[in-house]
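A short worksheet on the structure shown next.
The values are calculated or read from the model by the stated rules, or taken from the named source; none is laboratory data. On a predicted model such as this, the values are computed, not experimentally measured, just so you know. Positions of Cβ are generated from backbone atoms using ideal geometry, with glycine treated the same way; all protein chains shown enter the neighbour counts.
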Amino acid sequence: MGGYDNVVFGELLYKDIDDNEYLNELYENILYNYSLKLFKINRESRELDISAALRFADILSKSVHKEKSDKHKIWAQEIVALLHMIYPQDYRIKHYMGSVLQSTGNYRGMDMITPDFQPTTLLEKLYTGFNKDYLSIPAEPEQHFFRSQKIVYDRLEDSYFSYSGPTSMGKSFIMRMFLKKQVMDGIRSNFALIVPTKALINEVSSKIINDLKELLKEHNYRLITSAGALSLKEEHNFIFVLTPERLLYLLIDNPAINIEYLFIDEAHKISTKGSRSAFYYKVVDMLCRKKEKPHVIFASPNIPNPEIYLKLIPEAYNINEQKLTTSFAPVSQMKYLIDLPNKKIEIFNDSNKNFIEVAKLNREATVCELITRLGGDGQNIIYCPGINKAITYALDFAKNKGKKDNQELITLAKDIKNEVHRDYYLADLIPKGVAYHIGYLPSTIKMRIEELYREGLIETLFCTSTLMEGVNLPADNLFVTDYKIGRGRMSAIDFKNLIGRVGRIEYNLYGNVFLMRPEEKIKSEIFVELLKEDIQEQKLSVVTELSNNQKVKIVESLVKGDVQLTQYPKNQTVEEYSLMRKFTGILLRDIMQSNKSLVWKEFSHLLNKEIEEDIRNVFNKRENRPDDDINVSVDQSSNLTTAIMKGLKYPTINENNNVVYGELLDFLEELCKIFKWEIYEKSTLGFRSKDGRHGKLRWYAVILSQWIKGTGLSYIMEKGLEYKRNRPKTGVRVNGKILDYNDSKEHRNIAISEALDAIENVILFSISNYFLRFSTEYKRIHEVESFNNDWYEYVEYGTTNPLSIMLQRNGFSRETSTYIRRNRDEYVVKTNAGDIKLRSSLADCGNVSVQKEVEDIKYNIPELFVH
């Protein structure tokens, strides 16, 4: 047998099946006939032997090939699913579909499409019974894992583990089911789930609360989404759902807290160029250096080498044995290239990596016309490379659509007008079942859009790259209008992550991806490359984003006691510079503590005992020594300490809850010097206008002064528009050009978008972090645990009102807290002991956003409510 010694028959059977000419001919004909039906093309379909195709599907579903089994099983599912769509009345297809889904272990698909399927032979019945029992989810026995999910689930008690799979694998679902079983079994542990963005905190935490419900109270667990949560001061077990930045500050403020299980979702973010990747290195190292070490689990989409992230764990070894890579997906994607300039439609054959021409467009067509034609009655997501494009497409798509007579849509539109602004475009789109989903929208509005989309009331959603951050909005159809994210080109991992979000296992076994080439400047070749390109092995950002020359510069600067660093190379972007500074902060802290972290190891070839001792000596002489807050460097903290000791404090807020604008601006200008914003934040907080003034800082001061008053967003937006009206030369950016502000509806919407973006990314992120550092240092110097007029709290919670702050520290959003405060006579109760409680009738207040939050918080903090 030569090369076939020790090869089992199954391996031989499946070794060359991919190259079977008849199978490939059948598959190509299936794709073609499916396309004719999808596009409603009145043309004769290709001849197709359905029986032969079904037999091939049955064989593929039972593949045991070591490398190709997942591919064969997906192929089998795809064949029967497409045949069922093309020939819905053919009883043979339904039977084979049940057999195929049974063989692939896709019991969720069976429950949806073939719930009545029964195996025919005794052996099949025994196998099915055993398999269903094996794949049963311990926390929810009536549901079943996919096989790959089950393998991962069984490894989650390992000391460390890293896995990757397709977007539709349900990676976070596995974590949630493990967590639920631990709680059900009475395990007393703290769990932390890291998500990449604040937008995901609400979605993930709501799902966990819905999983656990009464179990939270029964087993004394609290779900925590911020470092300021009041429950942290009480005796509970905790489930933390946090971004890496929030987890870092929680660990700094609560060093005694131990975390037994650390789950890192969307772990490929550790490989990204952005400065935020540094926080993953810091928090993983801090937790793994504790006496009580956590189990650490990394989950990534699609990557071939998930074990790379185990290198962040100081004591990890045999990392190749602590990983799983799977390609099995419960749903498939049909991928089309629609070339508008050349007026042709092609479908991509995943098996042979070639295109099949489906049709010619007989006339000029726009993207929005094709969305209307192809979207039909399905759920559609349209990916756009930037915010302006998403809004423009949404307006164009909706202009000829009528309003739906649906009260939930009407209510949301009304709430957007009340909460954001009466002229905001989104409010006009919602009643038509159309919306856009972009990062800076208020979280309560985003969550309601997502929920109405899942319910099918919003049918068409225009999105930016927020869709790749893990937001779970599976669709029937995905339209990709560009291969860029902002100005940069999508990577293979971004592309696979994006298209993997189409197809909904709750409703179907496949979805459609339409890659749109709307104009000549979009190159079809790049879409083709992305379709054919395999995801490369990932590398850590500390390796890829720091050259050896940069490392040399960093070490030389530290020896001199300099942490400011000059940009190197000179054309270094703001993000690259920020990441370099954060890694410098981690390295310096490691050297001071003699901590051999992964970051230290990447610099170790440039270090020796003498160099490290020199660095320790120069920084030990300083009053401000390096700490764990990598957002602020030693030079900044030294300036801050000096300023506070000289009497610097937050601006005064008068009895009318107002701050003098000039006093606030002077304070921010002082912080600009202290924190060196002109160097470190030169595109935002430190930006200098042509007249030499900090123009943006003046605008941020206007928004900030309104934000901390607790006024609604609509009032803040109106104040922002008033600022623009009085200063039209401040301008707005239209199609890349700065134009004088003219107060048209278009300019008002642009200004509103700019203000929302400033609140999300500058006020609530940058300024909030700097104020946190100011408050921490103020308390240390004045030797107090807390103090009045703490602007960090005012910014974090968007109010100076104690009731609103208390409600937000219990998990309510700013918007809901404001609603409760305005209706305090009806819903707020003060007990004889002086405690604040809420009446349970709040759950029936009539405000949809409030009711949804109350539903979750009643499970998480039941003692907050009284009848």
Looking only at residues in region 813-867 that are more than 23 Å from V795 (Cβ to Cβ) and of a type in the set (G, A, S), which one is surrounded by the most Cβ atoms within 10 Å (Cβ to Cβ)? A843
When region 611-656 is examined, which residues are found to be in a helix (DSSP H, G or I) and among the polar types (S, T, N, Q)? N617, N620, Q636, S637, S638, N639, T641, T642
Restricting attention to region 242-267, and to residues there that are β-branched (V, I, T) and more than 14 Å from V296 (Cβ to Cβ), which single residue is surrounded by the most Cβ atoms within 10 Å (Cβ to Cβ)? T243
Qualifying positions in region 324-345 - more than 30 Å from K523 (Cβ to Cβ) and in a loop (DSSP other than H, G, I, E, B): T326, F328, P330
Working carefully through the options I257, I297, I239, find the one that is closer than 23 Å to R589 by Cα and either of a type outside the set (S, T, N, Q) or touching a residue at least 12 places away in the same chain (Cβ under 8 Å) (or both). I257
Subset of region 563-574 [touching a residue at least 40 places away in the same chain (Cβ under 8 Å) and surrounded by 15 or more Cβ atoms within 10 Å (Cβ to Cβ)]: V563
Would a scan of region 312-323 turn up a residue that is buried (at least 22 other Cβ atoms within 10 Å of the Cβ), in a helix (DSSP H, G or I) and not charged (D, E, K, R)? yes
Within region 392-426, track down each residue that is touching a residue at least 60 places away in the same chain (Cβ under 8 Å) and either in a loop (DSSP other than H, G, I, E, B) or among the aromatic types (F, W, Y) (or both). Y393, F397, V420, H421, R422, D423, Y424, Y425
Being more than 22 Å from Y859 (Cβ to Cβ), at pLDDT 95 or above and surrounded by 18 or more Cβ atoms within 10 Å (Cβ to Cβ) narrows it down to one of I270, I239, I208, so name that one. I270
Of L697, L664, L685, which residue is in a loop (DSSP other than H, G, I, E, B), aliphatic (A, V, I, L, M), surrounded by 17 or more Cβ atoms within 10 Å (Cβ to Cβ) and on the phi < 0 side of the Ramachandran plot? L685
From the list E292, E364, which residue is among the acidic types (D, E) and over 30 Å from D629 (Cβ atoms)? E364
Looking at S103, is it surrounded by fewer than 22 Cβ atoms within 10 Å (Cβ to Cβ), modelled with pLDDT of 90 or more and small (G, A, S)? no
On the given criteria, is I499 touching a strand residue (DSSP E or B) at 6+ places or on another chain (Cβ under 9 Å) and under 21 Å from D476 (Cβ atoms)? yes
Are there any pairs with C-beta distances below 9 angstrom linking a residue in region 130-141 that is crowded, with 16+ Cβ neighbours inside 10 Å to a residue that is aliphatic (A, V, I, L, M), with the two at least 6 apart or on different chains, and if so which? I137/M177; A139/M177; A139/L179; A139/V183; A139/M184
Pairs please, first residue from region 843-856 and within 15 Å of E408 (Cβ to Cβ) and in contact (Cβ under 8 Å) with a residue 60 or more places away in the chain, second anywhere and buried (at least 17 other Cβ atoms within 10 Å of the Cβ) and of a type in the set (K, R), Cβ atoms under 9 Å, 6+ apart in sequence or on different chains. V848/R448; S849/R448; K852/R448
Out of region 469-498, which residues are assigned to a helix (DSSP H, G or I) and closer than 17 Å to L531 by Cβ? A492, I493, D494, F495, K496, N497, L498
Here is a check on your reading of the model: is L251 assigned to a helix (DSSP H, G or I), in contact (Cβ under 8 Å) with a residue 24 or more places away in the chain, under 30 Å from P166 (Cβ atoms) and among the hydrophobic types (A, V, I, L, M, F, W, C)? no
Any chance L361 is over 26 Å from N24 (Cβ atoms), in the same structural domain as L498 (by TED's automatic domain parsing) and hydrophobic (A, V, I, L, M, F, W, C): yes
Given the conditions (1) among the polar types (S, T, N, Q); (2) within 27 Å of I781 (Cα to Cα); (3) in contact (Cβ under 8 Å) with a residue 40 or more places away in the chain; (4) surrounded by fewer than 22 Cβ atoms within 10 Å (Cβ to Cβ), every one holds for N624 apart from (3)
Can you tell me which residue in region 370-386 is nearest to K40 (Cα to Cα), limited to those that are touching a Phe, Trp or Tyr at 6+ places or on another chain (Cβ under 9 Å) and surrounded by fewer than 18 Cβ atoms within 10 Å (Cβ to Cβ)? R373
Taking region 174-232 only, how many residues are charged (D, E, K, R) and touching a Lys or Arg at 6+ places or on another chain (Cβ under 7 Å)? 3
Looking at region 748-770, can you tell me whether even one residue there is closer than 21 Å to N658 by Cα, under 33 Å from the mean Cα position of the chain (by Cα) and not in a helix (DSSP H, G or I)? no
How about region 684-730: which of its residues are closer than 23 Å to S768 by Cβ, of a type in the set (G, A, S) and free of Cβ contacts under 8 Å to residues at least 60 places away in the same chain? G686, G695, A701, S705, G720
